[in-house]
Each structure stands twice: as structure tokens, then as C-alpha cells.
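Here is the structure we will look at.
The values are calculated or read from the model by the stated rules, or taken from the named source; none is laboratory data. Predicted model only: the values in this text are computed from it and were never measured. Neighbour counts are summed over all protein chains in view; Cβ atoms, including those assigned to glycine, are modelled from backbone coordinates with ideal geometry.
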Ligand SMILES: [Zn+2]
């Protein structure tokens with residue numbers, strides 16, 4: 001999110017600067033500092049955006065800009081917009097679709113594009129960035145570990161279609177990955193709380209801050225969970241695509257996992273192809289709704305059982 005925000009804020013400076021984004025002039029400097037009258041940065045408080053802050057943003061974008069420059073709204077963690085209340089959310093959608101004037105630019109930031117609800121996504125132009133440096137080494141290692149584990153589990157499931165027990169174990173094993181990822185977040189949270197406790201503020205103030213810290217970290221854990229589940233769904237989708245392709249007659253070389261070709265041909269039949277196409281569709285749907293508090297274990301069980309039952 002930090003790098004994404006940097007890109008957004010530099011873009012904002014660039015677009016309003018009279019000297020091609022010199023980074024030196026008053027416009028550039030005030031925007032980069034986040035203290036420009038035409039710049040609005042919005043971020044969620046805890047698990048969602050505050051209705052009054054969204055309302056405030058909609059109002060700010062509706063009044064005329066200072067110096068006739070662009071009014072730029074940067075919304076961080078825009079994937080959490082889906083949890084907004086009805087009227088405000090509809091107002092926001094309307095503003096995105098039909099901005100008050102030609103000086104409005106809305107920049108929505110997210111680390112997980114699939115978590116942006118389709119009605120918002122369809123109103124946006126999408127740019128993707130992949131940051132190699134995002135996350136620590138151990139974070140990347142953990143993802144490789146998950147990838148290997150999930151692939152091995154799925155391979156054993158498609159190799160033994162009669163083994164329902166094996167399939168039902170999948171979601172349990174996946175949920176075991178989450179504490180491994182979130183342990184660092186929990187450690188940070190404890191540290192932050194400790195610092196606040198030692199701060200010398202009065203009890204009421206301390207409790208207020210701790211409550212805020214807790215809800216911020218709760219959100220972080222939820223995001224990591226969503227990221228992992230979304231990643232697992234991607235691997236499942238690749239497996240399903242392979243099944244559909246192979247039984248429809250594709251060559252081994254066309255598969256994501258070429259080594260699985262013979263296993264698929266032995267265990268899956270062309271007459272069931274519609275079932276796997278539907279399953280693939282439901283994986284994509286589940287991915288979209290992950291952020292809307294779906295019970296991912298039930299969702300995973302449902303999909304994985306589709307691999308074994310005929
Ligand atoms: Zn400038």
C-alpha cells in the first residue's frame with residue numbers, strides 16, 4: 001500500500017504541476033506532503049470507511065477546485081468500500097460514474113483487485129503494478145510454501161477421486177496456513193500496545209488508542225487471510241482449467257501443470273465437462289466475494305468436493 005500510495009501522490013503532483021511534475025514548485029511540494037487544498041486522501045478507520053468521511057469527500061469533490069487545478073481524491077484500501085452503508089455507497093457510485101465536474105480525478109488503491117466489488121470496478125480504469133520488493137523475504141518464502149502444499153494436496157485429490165475424506169481435509173489444511181502468516185502481525189500488534197501502555201497517557205486515552213490499534217490489526221489479519229484464500233482459489237482455478245482442457249482434448253503442453261495430464265485423463269471424463277466449467281465459474285465468484293466475509297472453509301469444501309464426487 002505504501003508504494004501504491006507513493007505512485008498515486010506523485011501522479012497527483014504531476015497532473016497539477018505547471019512544470020511537468022517538477023517536484024519543486026509549491027503545488028508539487030504541498031501535494032507530496034498531503035497538504036494541498038485540491039487533494040483529498042481517504043483511508044478506512046478500522047474495518048471500514050466512516051460514512052461521514054465518504055460524505056465529506058463527495059461534498060469536497062462537488063465544490064469548485066482551487067486555482068482551477070484538478071481535484072484529486074485518493075482512496076486507500078478501496079476494497080473496503082463494499083462494506084459501506086447503502087445510501088452513502090450509492091452516492092459514491094453515482095459520483096464515480098458521473099463526477100460533479102471535469103476537474104475530478106478519483107484514484108482507488110487496492111492490493112487485491114478481485115476484492116473490489118464489480119459495480120465499482122466497472123466504473124474504473126484499471127492499472128496493475130507488481131512490486132517485487134513488496135513484503136519481506138520470509139513472506140515470499142511462505143507463499144512458495146503454500147503454493148507447494150496446495151499443489152500437492154490437489155494432486156492427491158485428483159489422483160484418488162473416491163477419497164472424500166481427503167477432499168474434506170483440504171480446507172482444514174488451508175486454514176492452518178493463516179496463523180503462520182499472521183503471527184508477525186500479531187507480534188507487531190502486541191508491541192504497539194505495549195508502547196501505548198508505557199506512554200503515561202490516562203487510562204481512558206490508552207484504552208481508546210488500544211481499541212483503534214486492535215481494529216487496525218484485525219483488519220490486517222483479515223487482509224492477509226483474504227490474500228491467502230484468493231491465492232489458493234487461483235491454484236484451484238488452474239487445476240480446473242487443466243481438467244476442462246485435458247478432457248476436451250487439449251495436448252499435455254497446453255496445461256498449467258503438464259505432469260498432471262495422465263492423472264486427469266485417467267480420472268476425469270468428457271461427459272462431465274459442464275460440471276467442471278460450472279465449478280470454475282463458482283471459484284471465480286467466490287474470489288470476488290472473499291472480502292464480503294464469505295465463510296471460505298465452506299466455499300473451499302464445496303469446490304473441492306466437486307473434484308471428487310461424480
Ligand atoms: Zn511542480
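Details
- Out of 14, 68, 38, sole residue that is out of contact with any helix residue (DSSP H, G or I) (no Cβ under 6 Å at 6 or more places or on another chain), in the same structural domain as residue 95 (by TED's automatic domain parsing) and within 15 Å of the ligand (Cβ to nearest atom): 14
- Complete set of residues in region 17-28 that are under 16 Å from residue 67 (Cα atoms) and more than 6 Å from the ligand (Cβ to nearest atom): 18, 26
- Odd one out for residue 72 among (1) under 25 Å from residue 289 (Cα atoms); (2) assigned to a strand (DSSP E or B): (1)
- Residue in region 77-87 that is assigned by TED's automatic domain parsing to the domain that holds residue 115, part of a helix (DSSP H, G or I), without any contact (Cβ under 8 Å) to a residue 40 or more places away in the chain and under 20 Å from residue 125 (Cβ atoms) present: yes
- Taken as a whole, the condition of being loosely packed, with under 13 Cβ neighbours inside 10 Å and within 23 Å of residue 118 (Cα to Cα) applies to residue 298.
- Among the conditions (1) buried (at least 19 other Cβ atoms within 10 Å of the Cβ); (2) assigned to a strand (DSSP E or B), residue 12 misses just one, which is (2).
- Just one of the listed residues (274, 260, 226, 216) is more than 22 Å from residue 143 (Cα to Cα), in contact (Cβ under 8 Å) with a residue 60 or more places away in the chain and assigned to a helix (DSSP H, G or I), and it is 216.
- Screening residue 210 with (1) closer than 19 Å to residue 161 by Cα; (2) surrounded by 15 or more Cβ atoms within 10 Å (Cβ to Cβ) gives one miss only, at (1).
- Out of 165, 177, 170, sole residue that is at pLDDT 85 or above and either under 21 Å from residue 256 (Cα atoms) or in contact with a strand residue (DSSP E or B) (Cβ under 8 Å, 6 or more places away or on another chain) (or both): 170
- Residue check for residue 96: more than 25 Å from residue 218 (Cβ to Cβ) and not in a loop (DSSP other than H, G, I, E, B): yes
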